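The values are calculated or read from the model by the stated rules, or taken from the named source; none is laboratory data. None of the values given here were measured: they were computed from a predicted structure. Note that each Cβ is placed from the backbone with ideal geometry, even for glycine, and that neighbours are counted across all protein chains shown. Heads up: the accessible areas ignore ligands, DNA and RNA and are worked out on the full protein's heavy atoms, side chains in. Shrake-Rupley method; radii C 1.70, N 1.55, O 1.52, S 1.80 Å.
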Amino acid sequence: MLVMPVILLQTVGCFSAMHPLQRVLRAQRCLRWGPLASVSRLLLRTCRACCNLSSTACPSPETQQEDGVRKDFSSRLAAGPTFQHFLRSASVPQEKLSSPDVEDPPPYLTVDELLGRQRKVYLETYGCQMNVNDTEIAWSILQKSGYLRTSNLQEADVILLVTCSIREKAEQTIWNRLRHLKALKTKRLRSRVPLKIGILGCMAERLKEEILNREKMVDILAGPDAYRDLPRLLAVAESGQQAANVLLSLDETYADVMPVQTSPSATSAFVSIMRGCDNMCSYCIVPFTRGRERSRPVASILEEVRKLSEQGLKEVTLLGQNVNSFRDNSEVQFNNAVSTNLSRGFSTNYKAKQGGLRFAHLLDQVSRIDPEMRIRFTSPHPKDFPDEVLQLIHERDNICKHIHLPAQSGSSRVLEAMRRGYSREAYVELIHHIREFIPGVSLSSDFIAGFCGETEEDHLQTVSLLREVQYNTGFLFAYSMRQKTRAYHRLKDDVPEEVKSRRLEELITVFRKEATKANKTSVGCTQLVLVEGLSKRSATDLCGRNDGNLKVIFPDVEMEDVTNSGLRVRAQPGDYVLVKITSASSQTLKGHVLCKTTLKDSSACC
Ligand code: 5AD
Ligand code: SF4
């Protein structure tokens, strides 16, 4: 595994043994190596012997030979830890930790200490969909190490919070939660094993030791690329030490970790296809907390989707910070792939990347697996919508005609300050282009109110963009300055909080009005709905989603099953039904069910 140049692998407290990474670095120093990747086999073997000889003195291999220790050398070499051992430990064991019979723990732990020994883990997720997926990955790793899961906070032995740093408010929620958990930890009966608390994800990555120093009751920290290390971190915490791994990786995609579906009755699943972000929008902390962009190999994504299809799931959402920037470079021959272009009028903040299997290829392959499985993707960047992608969305029945197109602002001046790589005009042109390609497409967007230097005129430009596009769904936020970002270093957070709030309110009001208008165009139409279950508001209604990802509510009554000789049935989660839409608001559609059908045979209209 490659490791980013800036590494922080920190173990807080007094480790009885040196951490494997420190040992690697010491070995490096001792042999005056160049970069790890260029180390020759001879040096690796030499290092193995050297480190086995003494923990303090590190004579050069030449000296050893001169001293006549050659004879002894081979036997020591064979007995000593291998260089692979150091590398594995430094970059976190990949397969070993995912199996309960861990064979090769780090030198300071026994196999038994790495196992969960039936300890109960309570996982709590904050933030975006990526975090929901990360929670499942973390749980998959812990489950394989022998941990059990609980949904009861009181019976937990380990509480892990999967955190978000995108805005100040998200972090404040975690600090408040930690205060509550502190009380729980203090009150813990002495007869029980001590409660361990861990912070996972973006906040662990952003704040690092600040969390451990501020909240002494936090036992472990694991950044978004360090979940494989959770069993080791928890084992260290068992001994009363605080432990942290906030290493970012250039290639960790957890490709081999099959996330555990948290709800066995779920009709849909999220499949992570890439991680990280290279865009460096000036307001955004994500590139700093989740690291560089990297894509999971196509083959492993297809395998996961196939498994989900076999389990009967009816919808997958391909997930990534920049899902449509997907680029699988895992095999040399992929670099001959035909390159795809950016959307017209869009640019990147980074040097053009070449080759690799792109998003259009992946979408094509994924959508062929099961014609009854809906395919969605989130979150895309507007720069990566070449015609190949739009064409596929248009022509494949099972790729949902819904595109999330985060605009962030309607003012070209603000977009430039945000380093988004497009002007308002280019964005609006893309919207027209998409609507021509995919008539009836449902659109959603993200907006930030009150970015650095945003004037009243800029704000009105955003209001006018909302009116012009008429999005079906929207996510609107007040700007929250984040340390480390370009905006933090170069711009002034000069829009007063009350002005940000007022502008946000105005955007929300306009968005709702426009979305209601947009959604009302569905009234009178028959739409294909994937049933999710009972409506939260009424036990006599069912709830599902249309192709555009809008919630559709309809009475739970008998209907004809056209897939089964017209039998009378009630809709079940995972069924496709046709619903005649009778009313619409900014967030929901209502209607009555006509029949049970299939995705392929459905004759949804308008
Ligand atoms: N302040 C407010 N909103 C932000 N977002 C990202 N960073 C910030 C910030 N510093 C919003 C963007 C992004 C969404 C996920 O969160 O709109 O698309
Ligand atoms: Fe953040 Fe921009 Fe990357 Fe989205 S594209 S995660 S807003 S830096």
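Worth a mention:
- Some residue of region 260-275 being within 16 Å of ligand 2 (Cβ to nearest atom) and surrounded by fewer than 20 Cβ atoms within 10 Å (Cβ to Cβ): no
- For region 288-297, filtered to residues that are part of a helix (DSSP H, G or I) and open to solvent by less than 10 Å² (accessible area, probe 1.4 Å), the residue that is farthest from ligand 2 (Cβ to nearest atom) is THR289.
- Going through (1) under 14 Å from THR317 (Cβ atoms); (2) of a type outside the set (Asp, Glu); (3) in contact (Cβ under 8 Å) with a residue 40 or more places away in the chain; (4) more than 16 Å from ligand 2 (Cβ to nearest atom) one by one, LYS401 falls short only on (1).
- Residues being open to solvent by less than 10 Å² (accessible area, probe 1.4 Å), in contact (Cβ under 8 Å) with a residue 24 or more places away in the chain, within 15 Å of ligand 2 (Cβ to nearest atom) and not hydrophobic (A, V, I, L, M, F, W, C) are represented in region 483-496 by at least one member.
- Flag for SER409 being within 16 Å of ligand 2 (Cβ to nearest atom) and either β-branched (Val, Ile, Thr) or touching a Phe, Trp or Tyr at 6+ places or on another chain (Cβ under 6 Å) (or both): no
- Going through (1) part of a helix (DSSP H, G or I); (2) more than 30 Å from GLU416 (Cα to Cα); (3) open to solvent by less than 20 Å² (accessible area, probe 1.4 Å) one by one, LYS307 falls short only on (3).
- Being open to solvent by 40 Å² or more (accessible area, probe 1.4 Å) and among the acidic types (Asp, Glu) is a description that applies to GLU331.
- Considering region 522-531, the residues that are over 20 Å from LYS600 (Cβ atoms) and out of contact with any Leu (no Cβ under 7 Å at 6 or more places or on another chain) include one that is surrounded by the fewest Cβ atoms within 10 Å (Cβ to Cβ), namely GLY524.
- Residues being away from ligand 2 (no atom under 16 Å from the Cβ), in contact with a strand residue (DSSP E or B) (Cβ under 8 Å, 6 or more places away or on another chain) and open to solvent by less than 10 Å² (accessible area, probe 1.4 Å) are entirely absent from region 472-481.
- Checked against (1) assigned to a loop (DSSP other than H, G, I, E, B); (2) open to solvent by less than 60 Å² (accessible area, probe 1.4 Å); (3) more than 16 Å from ligand 2 (Cβ to nearest atom), PRO380 passes all but a single condition, namely (3).
- Candidate set: region 276-286, residues that are closer than 16 Å to LEU248 by Cα and buried (at least 20 other Cβ atoms within 10 Å of the Cβ); chosen: the one farthest from ligand 1 (Cβ to nearest atom): GLY276
- The strands (runs of 3 or more DSSP E) located wholly in region 545-594 that include 3 or more residues which are in contact (Cβ under 8 Å) with a residue 40 or more places away in the chain occupy 576-584.
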